[in-house]
Amino acid sequence: MAFNSTVETLPAMGRFSLRCKRENTVAMSKALGFELPSSISETAQSGDMTALKLGPDEWMLTCPMEARSEIEKSLAAIYPDAVHSLTDISSREVSIRISGPEAEELLSTSCPRNLAELKSGRGVRTIFDSVQVILTREEQNQFRLDVWRSFVPHVMGLLTVAVAEFECGL
Amino acid sequence: MLLIHCPYCKEKLPELEFEYAGQAHIARPENPAEQTDAEWRDYLFIRSNVRGDHAEQWRHSHGCGRYFNALRNTVSDKFIATYEIGQACPTSHAEGEENNEQLES
Amino acid sequence: MNNWRVDGKGRINRDKRVRFTFDGVSYQGYEGDTVASALLANGVHLMGRSFKYHRPRGPVTAGSEEPNALIGTSRSGAGRFEPNTRATVQELYEGLTTVSQNKWPSLNFDVGAVNDKLHKLFAAGFYYKTFMWPKSFWDKVYEPVIRASAGLGVSPTEPDADTYASRYLHTELLIVGAGPAGLAAALTAARNGTDVVLVDENRELGGSLLSEAPSAIDGKNTESWLAAVIAELEACDNVRIMTRATAIGYYHENMVGVAEKLTDHMENPPANAPRERMWRIRAQEVILAQGALERPLVFDGNDRPGVMMAGAAQTYLNRYGVKVGNAAVVVTSHDSAWYAAFDLADAGVKIPAIVDVRTTVNDYLQSEAQKRGISAKVGHSVTSVSGTKRVSGVKVGRISGDQHVTDIISIPCDAVLMSGGWTPSLHLFSHTKGSLHWDEENEVYLPGERTERCHIAGGGRGLWSQQAAFDDGVHAAQQALISLGQNAPGLSVDVDGDRAGSGIVMEELPSNDDKLAGRAFVDFQNDVTAKDIRLAVREGMLSIEHVKRFTTNGMATDQGKMSNMNGLKIAANELGRPTPKVGLTTFRPPYTPTTFGTFAGYHKDELFEVTRKTNIDGWAEENGAVFEPVSLWRRAWYYPKAGEDMHAAVARECRETRASVGMFDASTLGKIEVVGPDAAEFMNRMYTNPWTKLASGRCRYGLLLGEDGFIRDDGVIGRISEDRFHVTTTTGGAARVLTMMEHFLQTEWPDLDVWLTSTTEQWSTIALNGPNARKVLEPFVKGTDLSAEAFPHMALRECTVGSFEARLFRVSFTGELGFEVNVPSEHGRALWEMLYQEGKKYDICVYGTETMHVLRAEKGFIIVGQDTDGTVTPADAGLTWAIGKKKPDFVGKRSLTRPDMLLPKRKQLVGLLTEDPSVVLEEGAQIVETGDTAIPAKMLGHVTSSYWSEVLGRSIAMALIEGGFERNGTSIDIPMPGQTHRATVSGTVFYDPDGDRIKM
């Protein structure tokens, strides 16, 4: 039984934590140019920008690094009328992509959630071993872990050991 | 390991994502300066030590990040209900019912 | 040499011979053997010595409940010795090396066996009674002697060289145990398409079917029926089968821990293979089909090698093709042992007698015995066993009306097979706190109220026949599927030649001896006899929990699987009370002994726990930093140059920083972005300080209290813009402070329009301190005037440093001109190297956390958690200046006027200057009044911080002392071993008290 999955860290991407009250989400969506998802774990996408709803009043926006100032500008423009918090966290996290037929089981070495219940295109904040992560199921067999930078060696260390374990076939 | 229903995520999730945050429904006094020493002492330190259903705060700290309230039986360690901050505590089940709560849900 | 093998019997692979050693002697077995079955096939019964009396012992079971046959096993390479391995579980592989335990000099001649001769001295509670005094003998004499002479295997001396794994698994239905009940349940659910996980501790599925085959199942012989069922289950995508996988614990919400052995049976495990894997299986429904365990009978000499469970002998015969003796006397109180006798007789073992203590036994069994020429001695008892290292005979007599034994005869034999009936295996069910109820008719505990979604099937419910187990397995599966909202048709498994049976439960067998004299063992591993239990009751132990602790009955590694029910029965008899009134001890996980590594999983070596590293950490490592752990971070502690010890390195770092410039990686400081129109109001409520009038582009020292008024955290807080604050916290306090803020915000002040984001890891933070700090920084800063006038102390700017967007703070934790540069964290090292390069012009010094601590102490800046301990108020720490006097409220304000907070004798933070300036006090040292030599002296407080101050050429310290402020200028003593130091109480600012240096 050959092992056919890969684990890789991704290049830097623009990330924001966006927070606002329910009544201002319409204004936010308008300024961003697409509808923010309304349920926790849902994602919405427009061009190369995505929004993932992490909490009742919290979204993670991702975009190319160079597109950040555009987002900052459009949201700053509506701040007086629709107060919110937009905080650049592009450097806080590093993304790790796990893809392949064994990806889900590879994550189950350290992730207590029932990953079968995380549908394609959804993401959640959860825990991997003892590390808080944002776990997104990008496709059926492709996951992304967003990990605070200083925890990356630990998470990658665990995944490396797990890959070796899967490769040994037991 | 418990499974806890987050009233915001509307999912039953592993205990590892949550943390306990003390007894629920103890509001900070509106004007602390007007509190007598005894009143303030009670607010700070006096907590119930229930053998049975206990209303407490939890936080889905490694999830949506929200604090919420829970009614938990301290004998069976079963959650009877979880509900949003600001909502009233639901009525406790009668004693002896907690054993079968999981089986009926 | 394999003359104990029986042709045509067993599931071993006779084409694959396997060599192994036991105590240096080479033996041969077959693939499929355990160490125990292979040794028995070689005629070896003596496999170990007992815990207390060093009595010779052989295997009493054929499974994981084994209390006696514990051995040491070694795999090639260091760190792979394991003590206390059960020989009845360890599978054989080529080259396996095993040794016996608890013997000296050899298993056959053991000096410690003298304990057996002195057994009257070692009665129940012996340790409690004997080793009471003198107290000084405890750790010097008694404990080493007890530890050396009593015990099991020797602990390994090397770290475990193996790796371990863990995995979470979610399923609809988990079935524990793959005997008849488990297999029937699995088939029912599998055919329904339900997700099933089936686990069994054995190497192959089948459970009791492997030990005792009925004549036919569904018209097939057992072997082909089993093969077909396994093939069907294995072909199902919805079924996962795990063998060598022991369900060790049943936790909340149907989470079952399963320890799977992956390589212990392999001669050459694949590279990188973990030795074991801990599965955490979360099942919607659980079926426990763990069967029942056979109980020993309690009679004099029941522990001699060659005496074993009748069911075990049957397993050795039918599963391993080994006869455990040539002449086996059977002694029983249950029908099942009769069938074992028949199986052995049919395989050519002589059965001189079946001794049944019951007054009547059914005609069928008696006639079957007669057919085989076996003498059936109903209403008889075994009174003693002869033979030391191997049984050589038994004495058998008729039980008379008054429980005396008459007409005693001797019967020679080389094996004794006993059965005291069967105890349902309800350990996992007990882990759930499911209640057990006493079944008076069969004298067993059976499952009662459930607390989890679980179902018990088969032997666990006291069902003894295989037909009943199959039927019950189907029923349990149907119940589970109904709970899942599925509705499965049943199925039927038809057993031919089923062996139903019943029995009675006995205390010690009748004998003519005084009940307090014999050597009739209840707990084999802990050497507890029936006499010990009766003695415990006579000495006042009324509950089984007391009896257990006094005698250690049931406290061995088998956790009482063999001994609990017999001990309970004897205690109840001695107390003259019904068995259920005496209580039942609690089963706790793990079900069987489990390697620590399996619990640790991946957490060893560098993955033992999280080690957080900053972006600059690599540079520190390459440049010889010595590290220290600070919460989960590792931080550069100091940077020794060639020949420097810590003291010299820190002294140099301090000197060079104050003389010119030093740089420091402060990236671990917690950072929180507080944003929103109510940001200032929120800060006013959280921190003691006033924030409303703090201008954008300025910062301020912030002090955070708990609602109890004690200091929780501190840090510099900058106002980036009207609605945005950049809060810094202590390194260790980052998560705690954010949690506290969120708690207040979400539960008390949800009306505030403010949001919090952790930005600790968004920024790398580099601190530059010293008179030349500006010169080092200036070339990299574009568009911002860094002069003292344009950019004064406690100013901040968003600007570009190098090519990086930056938040630049002018702050100082050293008392020198200081800057802290925050750049996006991935650029930290690049900027660090640029600054270091530039700094060389000014002999820049890189310093670590120790120097940071010294420099701040020279200025009297506190470290929360070092100079405070959770009982220190702002007033105690001399920080009342940080309290916004006009603010109506902030967290902790009301507590500051509680009566206890205003007492004059509170411990207050002061400086200490030792009389001998070269003495550096120990942090944590206690402080007393001068000349107070009373024992115990009244302790006034303790030293919180203490260093050698290079710039002052003397030691400095801070301390929390009762009424410390009033003591300014007076002396106190610090008694230390061999010497008492005297010091003068001072203020806490030791260097540059006017603060001129930060204004440069």
Filter segment C:444-478 down to the residues that are under 20 Å from residue C:587 (Cβ atoms) and either assigned to a strand (DSSP E or B) or hydroxyl-bearing (Ser, Thr, Tyr) (or both) and list them by number.
C:444, C:445, C:446, C:447, C:451, C:454, C:455, C:456
Report those strands (runs of 3 or more DSSP E) wholly inside segment C:1-100 carrying at least 2 residues which are of a type in the set (A, V, I, L, M) and buried (at least 18 other Cβ atoms within 10 Å of the Cβ).
C:70-74, C:96-99
Looking at residue A:74, is it touching a Pro at 6+ places or on another chain (Cβ under 7 Å) and of a type outside the set (Lys, Arg)?
no
Going by the structure shown, is residue C:920 farther than 30 Å from residue C:651 by Cα, of a type in the set (A, V, I, L, M) and at pLDDT 95 or above?
no
Considering each of C:771, C:779 in turn, give the residue that is more than 49 Å from the chain's Cα centre (by Cα), part of a loop (DSSP other than H, G, I, E, B), surrounded by fewer than 21 Cβ atoms within 10 Å (Cβ to Cβ) and more than 10 Å from every other protein chain (Cβ to nearest Cβ).
C:771
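For every residue, the table says whether it meets (1) in a loop (DSSP other than H, G, I, E, B); (2) modelled with pLDDT of 95 or more; (3) touching a helix residue (DSSP H, G or I) at 6+ places or on another chain (Cβ under 7 Å).
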residue: C:373; (1), (2), (3): yes, yes, no
residue: C:398; (1), (2), (3): no, yes, no
residue: C:406; (1), (2), (3): no, no, no
residue: C:441; (1), (2), (3): yes, no, no
Would you point out which residue out of C:423, C:432, C:451 is closer than 16 Å to residue B:77 by Cβ, in contact with a strand residue (DSSP E or B) (Cβ under 6 Å, 6 or more places away or on another chain) and either crowded, with 18+ Cβ neighbours inside 10 Å or touching a residue at least 24 places away in the same chain (Cβ under 8 Å) (or both)?
C:432
Checking residue C:836 against (1) more than 43 Å from the chain's Cα centre (by Cα); (2) not in a helix (DSSP H, G or I); (3) not basic (Lys, Arg), the condition it does not meet:
(2)
Screening C:244, C:191 for residues that are farther than 20 Å from residue C:468 by Cβ, within 35 Å of the chain's Cα centre (by Cα) and either of a type in the set (Lys, Arg) or surrounded by 17 or more Cβ atoms within 10 Å (Cβ to Cβ) (or both) leaves only C:244
In segment C:832-850, residue nearest to residue C:626 (Cα to Cα) [restricted to those that are surrounded by 23 or more Cβ atoms within 10 Å (Cβ to Cβ) and of a type in the set (Phe, Trp, Tyr)]
C:847
In segment B:45-74, which residue that is over 10 Å from the mean Cα position of the chain (by Cα) and within 9 Å of another protein chain (Cβ to nearest Cβ) is farthest from residue B:14 (Cα to Cα)?
B:45
Condition check: touching a helix residue (DSSP H, G or I) at 6+ places or on another chain (Cβ under 8 Å), modelled with pLDDT of 95 or more and closer than 22 Å to residue C:772 by Cα. Does residue C:628 satisfy that?
no
Which fully enclosed strands (runs of 3 or more DSSP E) of segment C:619-698 have 2 or more residues being under 37 Å from the mean Cα position of the chain (by Cα) and farther than 30 Å from residue B:32 by Cα?
C:626-630, C:633-638
Answer with yes or no whether residue C:956 is out of contact with any Lys or Arg (no Cβ under 8 Å at 6 or more places or on another chain), in contact (Cβ under 8 Å) with a residue 60 or more places away in the chain and crowded, with 19+ Cβ neighbours inside 10 Å.
yes
Only listed residue being buried (at least 23 other Cβ atoms within 10 Å of the Cβ) and closer than 30 Å to residue C:849 by Cβ, chosen from C:536, C:620
C:620
Considering only residues of segment C:242-273 that are touching a strand residue (DSSP E or B) at 6+ places or on another chain (Cβ under 7 Å) and polar (S, T, N, Q), which is farthest from residue C:31 (Cα to Cα)?
C:254
Subset of segment C:973-985 that is crowded, with 19+ Cβ neighbours inside 10 Å and more than 46 Å from the chain's Cα centre (by Cα) - its residue that is farthest from residue C:926 (Cα to Cα)
C:985
Need the failing condition index for residue C:892 against (1) within 14 Å of chain B (Cβ to nearest Cβ); (2) on the phi < 0 side of the Ramachandran plot, just the number.
(2)
Where a residue in segment A:48-69 is farther than 13 Å from residue A:89 by Cβ and its partner, wherever it lies, is of a type in the set (Phe, Trp, Tyr) and surrounded by fewer than 22 Cβ atoms within 10 Å (Cβ to Cβ), with Cβ under 6 Å and at least six apart
A:56/B:8
Collect the residues in segment C:871-905 that are charged (D, E, K, R) and crowded, with 19+ Cβ neighbours inside 10 Å, keeping them in residue-number order.
C:876, C:893, C:894
Mind listing whichever residues of segment A:122-170 are of a type in the set (S, T, N, Q), out of contact with any Asp or Glu (no Cβ under 8 Å at 6 or more places or on another chain) and in contact (Cβ under 8 Å) with a residue 40 or more places away in the chain?
A:142, A:160
Output the qualifying pairs, or none if there are none: Cβ atoms under 6 angstrom, residues six or more apart or on different chains, first residue in segment C:198-211 and over 15 Å from residue C:33 (Cα atoms), second residue of a type in the set (Gly, Ala, Ser) and part of a strand (DSSP E or B).
C:199/C:245; C:199/C:247
Please enumerate the residues belonging to segment A:124-170 that are facing chain C (nearest Cβ under 8 Å) and assigned to a loop (DSSP other than H, G, I, E, B).
A:129, A:130, A:169, A:170
The one condition in (1) within 14 Å of chain A (Cβ to nearest Cβ); (2) touching a Pro at 6+ places or on another chain (Cβ under 8 Å) that residue C:253 fails to fulfil
(2)
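The values are calculated or read from the model by the stated rules, or taken from the named source; none is laboratory data. Just so it is clear, the model here is predicted, and its values are computed rather than measured. Every residue, glycine as well, gets a Cβ built from its backbone with ideal geometry; the counts of neighbours run over all protein chains shown.
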